[in-house]
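The values are calculated or read from the model by the stated rules, or taken from the named source; none is laboratory data. A quick note: this is a predicted structure, and the numbers were derived from the prediction, not measured. Neighbour counts run over all protein chains shown; Cβ positions are idealised from the backbone, glycine included. Protein only, heavy atoms only, side chains kept; ligands, DNA and RNA dropped before computing areas. Shrake-Rupley method; radii C 1.70, N 1.55, O 1.52, S 1.80 Å.
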Amino acid sequence: MKQKHPVATAGTPLRSLTAIALDTETTSLDVRHARILEIGAIFIVKGRLVPEFHFTSLINPHEAIPPESIAIHGITREMVKSADRFVHVYKRFRDFAGAHVIIGFALGFDLAMLRRELKRARLAWKAPRFLDVRDLARLLKPDLPDYSLETLAAWLGIAVVERHRALADAKLAAEIFHALLPRLRKNSIRTLAEAEDACRKLAAS
């Protein structure tokens, strides 16, 4: 897969982009203390998700999972007790993802969690190029009542079949990205660099 689809450059058109849609499930939303319980990722090739090329793995955090977190994602201690530690799962994920652009929803949290877990393991972190579909939606539709995954999916006419498991949420983010492409083109956001620049300006505004 990685040999057939080269890593994107600044000038790569979004409609030709090969990327990895990513999501994680965690023990909490506190980056300082939370642990990753699951990584899910799926390939996007030329703007479209490729369901058969996906990665999903539970992770054993070797600590308790709060009941309030289990109520959201349903991942229990029993489910992760035989799973690998983060470092082993992350190596397999990196082999899958390579150096491709990462796409996701509220991706800052997921990237911060990966960085924190690598720091715990005393491993180096290299920030990837990424695009957040929530930021792209804010650029295109500033009057939405909110920017939850469900709201974005409803706006774009995407059916939400499953939520709050890593692969399902990564798949939904990929579908949202694909649906945003023609709207981005109409707003003169056609390349990876143009999308990154527009998101940076949004963050600074």
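Within segment 125-163, the set of residues being of a type outside the set (Val, Ile, Thr), assigned to a loop (DSSP other than H, G, I, E, B) and closer than 24 Å to THR26 by Cα comprises TRP125, LYS126, ALA127, PRO128, ARG129, ASP146, TYR147, SER148, GLU162, ARG163.
When you scan segment 112-133, do you find a residue that is charged (D, E, K, R) and closer than 23 Å to PRO13 by Cβ, even just one? Yes, there is a match, as at least one residue in segment 112-133 is charged (D, E, K, R) and closer than 23 Å to PRO13 by Cβ. Given the condition of a type in the set (D, E, K, R), in a helix (DSSP H, G or I) and crowded, with 18+ Cβ neighbours inside 10 Å, answer yes or no: does some residue in segment 164-171 qualify? Checked against the condition, which is being of a type in the set (D, E, K, R), in a helix (DSSP H, G or I) and crowded, with 18+ Cβ neighbours inside 10 Å, segment 164-171 yields at least one hit.
The rows are residues; the columns are (1) touching a strand residue (DSSP E or B) at 6+ places or on another chain (Cβ under 9 Å); (2) part of a strand (DSSP E or B).
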| site | (1), (2) |
| --- | --- |
| GLU68 | no, no |
| ILE102 | yes, yes |
| LEU111 | yes, no |
| ARG116 | yes, no |
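When every residue of segment 106-116 is checked against the conditions, at least one turns out to be open to solvent by 70 Å² or more (accessible area, probe 1.4 Å) and not hydroxyl-bearing (Ser, Thr, Tyr).
For segment 141-159, the criterion of a residue being open to solvent by less than 70 Å² (accessible area, probe 1.4 Å) and touching a Ser or Thr at 6+ places or on another chain (Cβ under 7 Å) is satisfied by at least one position. Restricting attention to segment 6-60, report how many residues are open to solvent by 40 Å² or more (accessible area, probe 1.4 Å), assigned to a loop (DSSP other than H, G, I, E, B) and not polar (S, T, N, Q). Number of matching residues: 11.
Please verify whether segment 20-27 includes one or more residues that are in contact with a Ser or Thr (Cβ under 9 Å, 6 or more places away or on another chain) and among the β-branched types (Val, Ile, Thr). Yes, segment 20-27 contains at least one residue that is in contact with a Ser or Thr (Cβ under 9 Å, 6 or more places away or on another chain) and among the β-branched types (Val, Ile, Thr). For PHE86, the conditions (1) open to solvent by 70 Å² or more (accessible area, probe 1.4 Å); (2) closer than 17 Å to LEU167 by Cα; (3) of a type outside the set (A, V, I, L, M); (4) touching a helix residue (DSSP H, G or I) at 6+ places or on another chain (Cβ under 8 Å) are fulfilled apart from (1).
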